[in-house]
Amino acid sequence: MRIITTFLMMFLLIGCTHQRTYRDVYAERNYLENINLLATTIEGKSEANFKKTDAAQLRQLVTDVMNKYEDELASTNNTDYKKRIEIYQKLLEMNKRLSNRFYSAELVNFFDKYPDENLRQNIAKDFYDQGVNFETQNDYKAAAEAFSQASSIYQPLSKYKDSDKRAYDNAKKHATLMAEEAYQQAKMLSKNATLRLEYRQVAKYYEQAVNAYRHYGHYKDAASLANTYKRKGIIKVYGYGSEYFSDIKLALNKDYITFVTSPIDADLKIKITSDKEYKVTNTQIDMPNTRKVFDKYIEHIDAQGNSIQIPTLKDETYYTKLDTTNNILSLKTVVMMKGLIDFSDTMYAITSSYYENDDDLLPVAKREQITKLRSLLESIAQKLSSL
């Protein structure tokens, strides 16, 4: 029984470690992987160990795969450019993989039938014809891409017809359509725009027109109008100098906000002031203490049998008066805004300690106050974004 079990385990182990052969891959219809696997196996043996059986296997496999692709081509409509291109590209991949190897001479039939130049010619032609077809459908983007692919695949040999020019012309037509669409959208929105938010949206559409046409020059007056409406959408803020000015700039660091140096030029003026009050109070507090006091007697029999009374103790709490000094710091911060938003708010932060003085308590209060202030300013920034 043990011998049978051992052989069974060995059989399972061999089955689990079985590596896929080129025949396995062929059965899965992964023909390019199939070619690569057998070629790699042969190359691993080196030219000196290259045998007639290896050559026969490789010739047969290449012929079989070539026939498969030829059958696919024969059953593919001439206007199914995508499918035809895919097949020719696979044949080109085969050509590149098998060229300039020590066994390449064994595959002369394949190389004579599908030389690199002819394959590139066929692929370029199908891309070119695909581009012409896209042109008739006014799909200029797809047409530009197809003509560009035709030029790219044929580039190692030469230029393919006028594919470069047609790629450029179609790309420009597509860019013109995109730019004009964005331009007209901006123009339509600008008619009813009154809010700064709406001006910024107009500017973005004009910028889209500029970017769409960037490779071909300026598109109408889109760049100028984009700058005009971008400026109209900016909110100008003036912050009065204070220790919190850096916090104001940090919270309002948005692309639609700019800080100005004069309150006269500002759409929104922000002023933040702070006052502190420091108090010292002397108080008495009751400090608890514990001591042992008599509780009761308990009876105990000694070694001679005599009865004796033994006193026991218990804990008693008592209080003593302790003079203390309590330090209290109160920080009051007032936020005032005028202009696009009229707003005021007062925030307080109070800290106290029996041990710390004014200098120690102030940073604690300020940290608490700055947290509240930044949250407030963030909400103001969000509100400004919708104005």
Name every residue in the stretch 309-331 that is among the β-branched types (Val, Ile, Thr), at pLDDT 80 or above and open to solvent by less than 70 Å² (accessible area, probe 1.4 Å), in order of residue number. 310, 312, 328
List pairs: first in the stretch 149-163 and closer than 15 Å to residue 89 by Cβ, second in a loop (DSSP other than H, G, I, E, B), Cβ under 6 Å, 6+ apart or cross-chain? 150/160; 154/160
Here the residues within the stretch 213-232 that are open to solvent by 50 Å² or more (accessible area, probe 1.4 Å) and at positive phi are 220
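Regarding residue 117, is this residue assigned to a helix (DSSP H, G or I), open to solvent by 60 Å² or more (accessible area, probe 1.4 Å) and modelled with pLDDT of 95 or more? It would help to see each step written out before you state the result.
Details: assigned to a helix (DSSP H, G or I): yes; open to solvent by 60 Å² or more (accessible area, probe 1.4 Å): yes; modelled with pLDDT of 95 or more: yes.
It is true that residue 117 is assigned to a helix (DSSP H, G or I), open to solvent by 60 Å² or more (accessible area, probe 1.4 Å) and modelled with pLDDT of 95 or more.
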Of all residues in the stretch 48-85 being more than 20 Å from residue 107 (Cβ to Cβ) and among the hydrophobic types (A, V, I, L, M, F, W, C), which is least open to solvent (accessible area, probe 1.4 Å)? 85
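Kindly indicate whether residue 42 is in contact with a Lys or Arg (Cβ under 7 Å, 6 or more places away or on another chain), open to solvent by less than 40 Å² (accessible area, probe 1.4 Å), assigned by the TED database to the domain that holds residue 119 and at pLDDT below 95.
Working: in contact with a Lys or Arg (Cβ under 7 Å, 6 or more places away or on another chain): no; open to solvent by less than 40 Å² (accessible area, probe 1.4 Å): yes; assigned by the TED database to the domain that holds residue 119: yes; at pLDDT below 95: yes.
No; evaluated as a whole, the condition is false for this residue.
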Looking at 286, 265, 302, 295 in this structure, which one is acidic (Asp, Glu) and under 60 Å from the mean Cα position of the chain (by Cα)? 265
Selected residue [open to solvent by less than 70 Å² (accessible area, probe 1.4 Å), in contact (Cβ under 8 Å) with a residue 24 or more places away in the chain and more than 30 Å from residue 201 (Cβ to Cβ)] from 384, 373, 377: 373
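Let's see how each residue does on (1) over 30 Å from residue 352 (Cα atoms); (2) touching a residue at least 12 places away in the same chain (Cβ under 8 Å); (3) part of a helix (DSSP H, G or I):
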position: 269; (1), (2), (3): yes, yes, no
position: 275; (1), (2), (3): no, yes, no
position: 278; (1), (2), (3): no, yes, no
position: 286; (1), (2), (3): no, yes, no
position: 292; (1), (2), (3): yes, yes, no
position: 305; (1), (2), (3): yes, no, no
position: 316; (1), (2), (3): yes, yes, no
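One line per residue, one yes/no per condition, for (1) buried (at least 16 other Cβ atoms within 10 Å of the Cβ); (2) part of a helix (DSSP H, G or I); (3) under 29 Å from the mean Cα position of the chain (by Cα):
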{"site": "168", "(1), (2), (3)": "yes, yes, no"}
{"site": "184", "(1), (2), (3)": "no, yes, no"}
{"site": "199", "(1), (2), (3)": "yes, yes, yes"}
{"site": "203", "(1), (2), (3)": "yes, yes, yes"}
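The values are calculated or read from the model by the stated rules, or taken from the named source; none is laboratory data. No experiment lies behind these values; they were computed from the predicted model shown. Cβ sites come from the backbone with ideal geometry, for glycine too, and all protein chains shown count toward neighbours. Heavy atoms of the whole protein, side chains included, go into the accessibility calculation; ligands, DNA and RNA do not. Shrake-Rupley method; radii C 1.70, N 1.55, O 1.52, S 1.80 Å.
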